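One structure is given here, and the rest of the page talks about it.
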Amino acid sequence: MDTTQISKVMDWLWSFGNITSMDAIEMFGATRLSAIIYSLRHHYGYNIITKREKTRNRYGNNVNYARYYLVKENKNGNN
């Protein structure tokens with residue numbers, strides 16, 4: 001996996017708090033966001049939660065996708 005993409009996704013999460021696959025594709029060319037999130041969680045120890053969302057695509061079909069949120073802890077270790 002490209003560590004540059006991992007760094008870019010992490011920087012985005014720190015700056016904006018959440019990201020979707022479409023965001024990652026459009027901004028970083030990262031087509032496997034779930035793999036990057038897995039790595040950030042399990043190899044780097046970040047607390048990232050997944051929330052499922054629904055919308056309609058450009059053809060009017062219902063679609064489901066994930067939005068990933070970085071849980072930032074304060075200095076006391078609390079959210």
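The values are calculated or read from the model by the stated rules, or taken from the named source; none is laboratory data. In this text, all values refer to a predicted model and were calculated from it rather than measured experimentally. We place every Cβ from the backbone using ideal geometry, glycine too, and count neighbours over all the protein chains shown. Ligands, DNA and RNA are stripped out before the accessible areas are found, and what is left, the full protein with its side chains, is counted by its heavy atoms. Shrake-Rupley method; radii C 1.70, N 1.55, O 1.52, S 1.80 Å.
So the values come out like this:
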read-out: Residue check for R58: open to solvent by 70 Å² or more (accessible area, probe 1.4 Å) and within 18 Å of Q5 (Cβ to Cβ); value: no
read-out: Checking Y46 against (1) free of Cβ contacts under 8 Å to residues at least 12 places away in the same chain; (2) closer than 17 Å to T3 by Cα; (3) of a type in the set (F, W, Y), the condition it does not meet; value: (1)
